[in-house]
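**Q** Dropping the structure in here first, questions after.
Read the figures in this text as sums done on the coordinates, not as results from a lab. The structure presented is a predicted model; accordingly, all values stated were derived computationally and were not measured. Don't worry about glycine lacking a Cβ; one is built from the backbone with ideal geometry, like all the others, and counts go over all protein chains shown.
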Amino acid sequence: MEVKIGVADTARELVLNSSLTPDEVEALVADALKSSTGQLVLTDDKGRRYVVPSARVAYVEIGSADVRKVGFAP
């Protein structure tokens, strides 16, 4: 599943693929946003950790993984 995290005052967003369900990601985000001094910590499919201070989270987009197509379409 693809997760996009918008960070305040940053032009780019963090994009990661996670094996978590949308409900699990939503719960992690909700817990992190309860406190302005908390941190949102997510781990991607390759084991990399993303840590964002909750005060800097602008938005979180939770969606399905984009299946990449190989080849050319006529």
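**Q** What residue among 15, 72, 5 has its Cα farthest toward the positive end of the dipole of the chain, where the charges are +1 on Lys, Arg and -1 on Asp, Glu, each on the Cβ?
**A** Sorting the options by dipole projection puts first 72.
**Q** Quick one: dipole size for segment 2-63, taken about the Cα centre, charges +1 on Lys/Arg Cβ and -1 on Asp/Glu Cβ, in debye to the nearest 20. Don't skip to the end; give the middle numbers.
**A** On the way: 7 positive and 10 negative charges, 61 e Å.
Roughly 300 debye, rounded to the nearest 20.
**Q** Where does helix 22-33 land angle-wise versus the long Cα axis of the chain, in degrees 0 to 90, nearest 10?
**A** 30
**Q** Let me ask something else about it. Taking 0.36 nm per intervening residue step and subtracting the Cα-Cα distance, what contour gain separates residue 21 from residue 48 on full extension?
**A** On the way: separation 27, 0.36 × 27 = 9.72 nm, distance 1.73 nm.
In short, 8.0 nm is gained.
**Q** Right, here's the next one. Once the Cβ-Cβ distance between residue 37 and residue 9 is put in as r, and R0 is 22 Å, what FRET efficiency do you end up with, to the nearest 0.05?
**A** 0.75
**Q** Working only with C-alpha atoms, what are the Rg and Dmax values of the chain, expressed in angstrom?
**A** When restricted to the Cα atoms of the chain, Rg and Dmax are 13.9, 52 Å.
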